[in-house]
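The values are calculated or read from the model by the stated rules, or taken from the named source; none is laboratory data. Note that the structure is a prediction, hence the values are computed from the model and not measured. Neighbour counts run over all protein chains shown; Cβ positions are idealised from the backbone, glycine included. Accessible surface areas use protein heavy atoms only, side chains included; no ligands, DNA or RNA. Shrake-Rupley method; radii C 1.70, N 1.55, O 1.52, S 1.80 Å.
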4 protein chains.
Amino acid sequence: MAAPQPKLTADEVNALMRRAFPDAPQDGLPKTVAVAPGRVTVVRAYSPGMLRPGQLISGPNLMGIADNAAYALVLAHVGDQLMAVTSSLLMNFLRGAKPGDIHAEAELLHLGRRNAVCDVRLWTESPDRICAQANVTYALPLS
Amino acid sequence: MAAPQPKLTADEVNALMRRAFPDAPQDGLPKTVAVAPGRVTVVRAYSPGMLRPGQLISGPNLMGIADNAAYALVLAHVGDQLMAVTSSLLMNFLRGAKPGDIHAEAELLHLGRRNAVCDVRLWTESPDRICAQANVTYALPLS
Amino acid sequence: MAAPQPKLTADEVNALMRRAFPDAPQDGLPKTVAVAPGRVTVVRAYSPGMLRPGQLISGPNLMGIADNAAYALVLAHVGDQLMAVTSSLLMNFLRGAKPGDIHAEAELLHLGRRNAVCDVRLWTESPDRICAQANVTYALPLS
Amino acid sequence: MAAPQPKLTADEVNALMRRAFPDAPQDGLPKTVAVAPGRVTVVRAYSPGMLRPGQLISGPNLMGIADNAAYALVLAHVGDQLMAVTSSLLMNFLRGAKPGDIHAEAELLHLGRRNAVCDVRLWTESPDRICAQANVTYALPLS
C-alpha cells in the first residue's frame with residue numbers, strides 16, 4: 001500500500017514495548033532496530049532455551065517473535081496504543097530455523113480504523129533463507 | 001471424516017511426548033487426558049509465568065499448547081513418528097484467556113499419507129467459552 | 001461457545017440472501033436447509049460448470065460456497081445485517097471433491113460486537129468424508 | 001529466499017495454463033505478463049460478471065485469481081507439472097476491490113520437494129492500494 005509514515009522512532013518503539021511488558025527479562029524482548037514507512041526490522045537475541053529437539057528454534061518461539069514484530073510495527077505506525085491485541089496469526093514454517101539471533105522483517109499490508117494486517121518474515125541464517133512467514137492481524141481499539 | 005482408530009493410549013502418547021522433549025520440566029508439557037477416534041483432549045497446568053499484561057494467558061503460550069495438542073493427536077493416530085513437524089498453524093484469538101489450566105480439544109480433519117490437518121479449540125473457564133481456535137497442519141515423514 | 005440463539009429461520013435466511021444477491025440465477029445461491037443455535041447447514045446444487053480438470057469441483061467454487069455458508073450463518077444469528085463483509089478466509093483442501101451437491105456445515109466459533117469467526121466443513125460424497133474445511137471471519141458493521 | 005531461477009517464460013506459462021484448463025473461455029484465465037526469479041505478475045481482464053452487490057469484485061473471484069496466480073508461479077519455477085494442487089489458501093480482504101483489471105503479484109516464499117508456499121497481492125486501482133493478500137500452498141507431485 002501507499003506506505004504510511006511511522007509516528008515513532010525505533011527507540012520510542014522499544015521504550016513502549018518495555019512499558020507493555022514490564023516483567024520481561026532485559027533480553028527477553030525483541031529489539032526494534034529499524035523503522036521505515038510501513039516497515040520495521042526487529043531482532044531477538046538467541047538463547048539456547050529456544051531450541052527444540054533437533055537443535056532448531058521451536059515453533060512457539062518463532063510465533064512469539066512474529067507476534068512481537070507485528071506489535072512493534074503497529075505501535076510504530078499508530079503510536080501509543082498499547083491495547084492493540086492480536087486477533088489472528090497464521091504461521092508457515094518453511095525450513096528448520098538454525099540457532100542464531102532471530103531477525104524479523106514486518107510489513108504493513110493494511111492499516112485501517114479497526115485493524116492492521118501485517119506480513120512478517122523470519123530468518124536466522126541469512127535474509128535470503130526465510131525460515132518462517134506469518135500473517136498477523138491486530139485489532140485496534142476504536143477511538 | 002470417518003474417524004480413524006487411534007493406535008496409542010493416552011499414557012502411551014504422554015510417554016512419547018516425554019521422549020520427544022526430554023529437557024522439558026515435569027509440568028512443562030501438556031498432558032493427554034483422553035484419546036478417542038479422531039480426537040484427543042489435552043490439559044496444560046496453569047502457571048503464572050504464562051500471563052501477559054492484562055492478566056491473560058499470552059498468545060505464544062496458547063499457540064504453543066495448540067501445537068502440542070495437534071502433535072499429541074497425530075502421535076495418537078500414526079504411532080511412534082516423532083519426526084512429524086508443524087508446517088502451518090493458524091490461530092484465531094477469540095476472547096481473553098483467563099488464568100487457569102488450559103484445556104485443548106483437538107480433532108483430526110484429515111489424515112493423509114503426507115500430512116495431517118487438525119482443528120484445536122482451547123479454553124480455560126469452561127468448554128462453552130472457547131478462548132482460541134487453531135488449524136494446525138503437520139507434515140508426516142514419507143515412509 | 002454457549003451457542004447463541006438464532007434470530008432467523010432458514011426461510012428467512014434464504015429470503016435475505018436473495019435480497020443480497022438479486023442478480024444471482026435461481027440455482028446460483030446455496031440454500032440454507034437448517035438453522036440451529038450456533039449452526040447452519042447449507043446446500044448448493046451441483047452443476048457441471050463447477051468442475052475443474054480431473055472431474056473435481058474447483059477450489060474457487062468451494063471457497064465461494066464456504067463464504068456463502070458463513071454469511072448465511074452470520075445472518076441467521078445477527079439478523080438483517082447485509083453489510084457484514086468477509087475479512088479473511090482460510091481454506092484447507094483435504095481431498096478431491098467428487099461431483100455432487102455441495103453440503104456445508106457452518107458453526108459459529110465466536111460472535112462478537114466487531115466480528116464473527118466461523119468454522120465451515122464441506123462435503124459432497126458423505127458427511128464423514130469432508131473435502132474441505134474453512135475458517136471465515138466476517139467484520140460486522142458497528143452499530 | 002535466494003530466488004530460484006524460473007524454468008519457463010511467460011508465454012510458456014500461458015500455454016501450459018491453457019492446456020490445464022482447455023474449457024476455460026478465451027478471456028477466462030489470468031494472463032502471466034512477467035516472470036522473474038521467484039516471482040510472476042498475472043493480470044485477469046475485468047468483466048462485469050465479477051461484481052458483487054456494492055459494485056465491488058466478489059471475494060470468490062479474487063480468491064480464484066490468487067489461486068491461479070500461485071499456480072502460474074509454481075509452473076514457471078517447476079516446469080510442466082500440471083498435477084500440482086492447492087492444499088491451502090488464506091485470503092485477507094484488505095479493502096473493497098473497485099472494478100478494473102485485476103493484477104496479481106505472486107512471490108515464492110518457499111519451494112521445497114513437497115510443496116510451494118506463495119505470497120500473492122492483488123490490486124485493481126494501483127499497486128500501492130492492495131485490495132487483498134493471499135498465502136497459497138501448493139502440494140507438488142512426488143517424483
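Nearest 10 degrees, 0 to 90: what angle lies between the long axis of helix D:59-78 and the longest principal axis of chain D (Cα atoms)?
With both axes taken from Cα atoms, the answer is about 20 degrees.
What are the nm distances, shortest first, from D:Gly96 to its equivalents in the other copies, labels at 7 Å along Cα→Cβ?
Label-point distances to the other copies, shortest first: 3.5, 4.1, 5.1 nm.
At 1.4 Å probe size, with the rest of the protein present, what percent of the exposed accessible area of chain D is carbon and sulfur atoms?
Summing carbon and sulfur atoms, their accessible area is 52 percent of the total for chain D.
Pop the C-beta distance of D:Ala15 and B:Asp27 into the FRET formula with R0 = 51 Å and round what comes out to the nearest 0.05.
E(calc), rounded to 0.05, equals 0.25.
If we sort B:12-25, A:36-49 on the protection proxy, mean other Cβ atoms within 10 Å, highest first, what's the order?
Top of the packing list down: A:36-49, B:12-25.
Quick check on packing: order B:124-131, D:56-63 by the mean number of other C-beta atoms within 10 Å, highest mean leading.
Result, highest mean Cβ count within 10 Å first: D:56-63, B:124-131.
Only Cα pairs under 8 Å and at least 6 apart count here; give the relative contact order of chain A as a rounded whole percent.
RCO, chain A: 25 percent.
So if I take the centroid of the Cα atoms in the stretch B:1-52 and the same for the stretch D:1-43, what is the distance between those two points in Å?
Here the two parts' Cα centres lie 45 Å apart.
Per residue of D:109-120, how many C-beta atoms from partner chains lie within 10 Å of its own C-beta, taken as a mean?
Averaged over the peptide's residues, the number is 4.
Cut-off under 29 Å on the C-alpha distance; same-chain residues fewer than 8 positions from D:Lys7 excluded. Which lysines are left, in chain and number order?
Hits, sequence-local ones excluded: D:Lys31.
Mind checking the mean number of beta-carbon atoms from other chains within 10 Å of the Cβ atoms in C:124-135?
Across C:124-135, the average partner-chain Cβ count within 10 Å equals 3.
Nearest 500 deg cm²/dmol is fine: what mean residue ellipticity at 222 nm does chain A get from its DSSP H runs of n ≥ 4 alone, each adding -39,500 (n - 2.57), divided by its residue count?
Roughly -7000 deg cm²/dmol at 222 nm, from the helical runs in chain A.
How far is C:Asp128 from the same spot in each other copy, in nm, shortest first, if each label point sits 7 Å from Cα toward Cβ?
Here C:Asp128 shows inter-copy label distances of 2.9, 5.2, 5.8 nm.
Nearest 10 degrees is fine. How inclined is helix B:10-20 to the longest principal axis of chain B, computing both from alpha carbons?
Approximately 90 degrees, to the nearest 10.
Per-residue Cβ counts within 10 Å, from other chains only, averaged over A:31-42: what number is that?
Across A:31-42, the average partner-chain Cβ count within 10 Å equals 0.
Please find the FRET efficiency linking C:Ala45 to B:Asp101, where r is the Cβ-Cβ separation and R0 is fixed at 56 Å, and quote it to the nearest 0.05.
Step by step, r from the Cβ atoms, then E = 0.75.
Check B:Asp101: other-chain or 5+ apart residues with amide H under 5 Å from its amide H, H built from backbone geometry?
B:Tyr46
For a label point 7 Å from the Cα of D:Leu142 along Cα→C-beta, name the residues of the stretch D:95-112 whose backbone N is under 18 Å from it.
D:112
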